[in-house]
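Contents: one structure, followed by commentary.
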Amino acid sequence: MTTLGAVFRPQLAPERLRSVARLADEAGLDELWLWEDCFREGGISTAAAALAWTERVRIGVGLLPVPLRNVAVTAMEAATLHRMFPGRALLGVGHGVQDWMGQVGARVESPVTLLREHLVALRGLLRGERITTHGRYVELDDVALDWPPEHEVEVLAGATGPRTVRLTGEAADGTILTATTSPEGVRRARRLVDEGRAAAGRGTGPHRVVVYLLAATGPGAGERLRAELIAEGVGGEPDLGVAGDAGAVAKAVQRLAEAGADSVVLQPTGDEPDPEGFVRFVAEDVRPLVP
C-alpha cells in the first residue's frame, strides 16, 4: 500500500501549523511533512509541536541540513522525539541548499563526505552505540546517548544528484526525492540506491523511497502549478506535478508508486490559498483512490 502524505510548507507562518496538523490527524492523513528551510521554521521544534498536538498521524521532517548541526545534537533531538512519540517521527537529513549554507558560514568543500560521515555516526548513535570517529568533518570522542530510541528507527536522507542518491543506499535507511523527480527519475533513483546498497554489502532489504509531488486543485490550479514549475526552472520538463481533481492526482501518485516510490507526499504550491482544505483533499478525496 502506498503511503500518502502532504507538506506543511514553511511559507506559512508557524502559528498556522496547529490547525493544519490537527486537521491532518482528524482526517486520517498518513503523514504530514515539514521542511527546515532557511530562514523559516526549525524542523525539530515544529515536529515536536505537531506530534504533541496530534494522536496518530506520522510527522516527517524532510530535511535537516547537516552543515547546520553537530551530529550529536541531531541524534539527541531525534532520539528524544522517537522516545516521546514512538513510531510517529520520520527524520531526514541532507546537504541543505548550498547558497543558504554559505550565508551562515556552514558551506563545506565536500558535502557528500560530510553527509556520509553524519549518516554513519547518526545511525550508530541511534542504535545505542558508543562512537569514536575522527573524520574530515565529524569528530566524536567516546559519545553515546543516555536515552537512545527503544526500538530501531529509520534515518532518511535527501538526494538529487546521482552520487548522493547512491550514498543514501550505502548509508541511510531511506531516500527523499524532490518534487522535480519524474516517474523515470524515481526508477533511476531506485537503481542507484540498489547500487549503493550492493557496494556497502547491505543486501536487498527494505529501503524506503519518499518522493514529493507538486499538486494543485481547485480554481486556478493549472496556472498555479505552471507558475511554480517555471519558478523552479523545470517548466518545460514532462511528468512533473499534477493539477486537477482527486482522480487526476491519484493517477499521478500511482505513476510514482509504480516507478518505485513507497511514499508520495503531495506538495501544495507556495501560494496555496487553503492549506487546511488541501490537507483534507489529500486525506479524504485522494487517499481512497490510491491502492
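Read the figures in this text as sums done on the coordinates, not as results from a lab. Quick caveat: nothing in here was measured; it's all calculated off a predicted structure. Ideal geometry is used to build each Cβ from the backbone, glycine not excepted, and the neighbour counts take in all protein chains shown.
Laid out as a table, the results:
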quantity: For segment 3-289: rounded, prolate or oblate by the Cα gyration tensor [a/c cutoff 1.5]; calculated: prolate
quantity: Extreme residue, positive dipole direction of the chain, given options Leu29, Ala159, Ala189 (C-beta unit charges); calculated: Ala189
quantity: Pairwise label distance in nanometres, Thr178 with Glu276, each label 7 Å out on the Cα-Cβ vector; calculated: 3.2
quantity: Spin-label proximity, Asp146 to segment 45-87 - amide N less than 18 Å from point 7 Å beyond Cα toward beta carbon; calculated: 72-84
quantity: Paramagnetic reach from Trp100 (point 7 Å along Cα→Cβ, amide N under 13 Å) across segment 63-80; calculated: 63-69
quantity: In Hz, Karplus ³J(HN,Hα) per residue of segment 204-219 (6.51, -1.76, 1.60; θ = phi - 60°; x = Gly, Pro); calculated: 10, x, x, 9, 6, 10, 10, 10, 7, 10, 5, 9, 9, 9, x, x
quantity: About the Cα centre, charge dipole magnitude for segment 109-176 (Lys/Arg +1, Asp/Glu -1 at Cβ), debye; calculated: 360
quantity: Helix axis angle, 162-171 relative to the chain longest principal axis, alpha carbon, degrees; calculated: 60
quantity: Charge dipole (debye, nearest 20) of segment 3-289; +1 at Cβ of Lys and Arg, -1 at Cβ of Asp and Glu; calculated: 520
quantity: Hz values of 3J(HN,Hα) by residue in segment 27-38 - Karplus curve (6.51, -1.76, 1.60), Gly and Pro given as x; calculated: 7, x, 4, 5, 9, 10, 10, 10, 10, 9, 8, 5
quantity: Contact order relative to length of segment 191-284, as percent, for alpha carbon pairs under 8 angstrom and 6 or more apart; calculated: 35
quantity: Rounded if a/c under 1.5, otherwise prolate or oblate - segment 222-291, Cα gyration tensor axes; calculated: oblate
quantity: Length added when fully stretched, Arg18-Glu237, from 0.36 nm per residue minus Cα-Cα; calculated: 75.3 nm
quantity: Tensor-based shape of segment 41-108 (alpha-carbon gyration tensor, a/c under 1.5 rounded, otherwise prolate or oblate); calculated: prolate
quantity: Amide N proximity, segment 240-277 versus Arg188 label position 7 Å along Cα-to-Cβ, cut-off under 14 Å; calculated: 240
quantity: Calculated FRET efficiency for the pair Arg56/Leu289, C-beta based, R₀ 30 Å, to 0.05; calculated: 0.90
quantity: Relative contact order computed over segment 3-289 (Cα-Cα under 8 Å; 6+ residues apart), in percent; calculated: 19
quantity: FRET efficiency, Asn70 to Arg127 (Cβ-Cβ, R0 22 Å, nearest 0.05); calculated: 0.75
quantity: Cβ-based charge dipole, the chain, positive-most Cα from Ser45, Ala172, Val210; calculated: Ala172
quantity: Peptides ranked, highest mean first, by Cβ atoms within 10 Å: ranges 28-34, 280-286; calculated: 28-34, 280-286
quantity: Residues with amide H under 5 Å from that of Leu177, placed H, sequence gap 5 or more; calculated: Val210, Val211, Tyr212
quantity: Of all DSSP beta bridges in the chain, antiparallel share, percent nearest 5; calculated: 10
quantity: Ranked by how many other beta carbons lie within 10 Å on average, peptides 164-170, 88-94 from highest; calculated: 88-94, 164-170
